[in-house]
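To start, the structure under review is shown below, and the notes come after it.
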Amino acid sequence: RGAVPVLAVDGPVASGKGTLAAQLAQGLGYRLLDSGALYRMTAWAALQRGVALDDEAALVAMLAGLDVAFEPQGVRVNGVSVGDELRSEAVGNAASKVAVLPGVRHALDGLQHSLRALPGLVADGRDMGTVVFPDARLKIFLTASAESRAGRRHAQLLQRGISSRINDLLADLRERDARDTQRATHPLVPAQDAVLLDNSDLTIAQTVDQVLQVWWSRA
Ligand code: CDP
Ligand code: CDP
């Protein structure tokens with residue numbers, strides 16, 4: 001396992017992690033782990049079943065009874081594809097609530113490690129470089145200003161036909177950032193050996209190029 005290279009991308013809400021990670025995986029021919037989808041799936045399943053978002057034992061029992069598999073666009077739960085359902089802001093906010101619970105994080109460990117296979121893995125989330133893949137070859141901590149992140153999420157939602165108010169998005173992302181950085185278990189924090197990259201004023205292509213340059217310098 002240690003011989004399988006991992007490129008970890010961590011960062012706050014809507015910093016561009018998912019987009020960057022997907023393009024890196026495609027460019028390198030690696031697998032892609034969208035770890036946020038697992039926390040979103042957990043929250044979505046709990047909301048569907050009426051399981052309280054702070055009931056750790058019930059959430060862990062629920063996860064133990066679910067058959068979860070990865071798909072190109074999301075995950076498959078008990079044979080049913082869930083993709084778009086996971087992408088709402090409501091599910092994202094609920095995800096950050098179940099994500100504070102150590103039992104939930106532990107229950108998702110095996111699934112995350114199962115994707116580490118040759119030729120390599122690009123993994124995006126909050127704790128990829130700090131906890132899940134501490135031996136990653138490259139750890140990127142991707143940030144952008146809260147204003148540019150809210151603006152990007154606004155545009156992203158609009159593309160899906162969903163209108164939203166920037167100020168509401170800004171308040172939501174600040175609240176979620178606070179919960180993600182202040183939780184006791186595996187908070188959002190740059191790994192000591194992470195490369196910090198602020199992409200507020202970079203295009204996606206520029207960001208991908210910068211990361212690949214560092215990657216190839218280490219290969
Ligand atoms: O995965 P994460 O929530 O960190 O962000 P994302 O979904 O990859 O990116 C949020 C939105 O910002 C997407 O619509 C990206 O296309 C956009 N974006 C951008 O406009 N410029 C960048 N440099 C990075 C992302
Ligand atoms: O794309 P966006 O940044 O909005 O969220 P996401 O990456 O899909 O993650 C949703 C929530 O799951 C985050 O706010 C975190 O609370 C949690 N999460 C986590 O705790 N650890 C991870 N490795 C990934 C996500």
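Every number in this text was worked out from the coordinates using simple rules, so none of it is lab data. None of the values given here were measured: they were computed from a predicted structure. Neighbour counts are summed over all protein chains in view; Cβ atoms, including those assigned to glycine, are modelled from backbone coordinates with ideal geometry.
Structure notes:
- Answer residue from segment 23-38, given it is of a type in the set (A, V, I, L, M, F, W, C) and over 13 Å from Leu121 (Cβ atoms) and is nearest to ligand 1 (Cβ to nearest atom) among those: Ala37
Let's see how each residue does on (1) touching a residue at least 12 places away in the same chain (Cβ under 8 Å); (2) touching a Cys at 6+ places or on another chain (Cβ under 9 Å); (3) of a type in the set (Lys, Arg):
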| site | (1), (2), (3) |
| --- | --- |
| Gln26 | no, no, no |
| Arg49 | yes, no, yes |
| Glu56 | yes, no, no |
| Leu66 | yes, no, no |
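- The residues of segment 189-219 that are aliphatic (A, V, I, L, M), more than 19 Å from Glu147 (Cβ to Cβ) and within 15 Å of ligand 2 (Cβ to nearest atom), listed by number, are Val189, Ala191, Ala194.
- Segment 198-218, subset more than 7 Å from ligand 1 (Cβ to nearest atom) and of a type in the set (Ser, Thr, Tyr), residue farthest from Ala22 (Cα to Cα): Ser217
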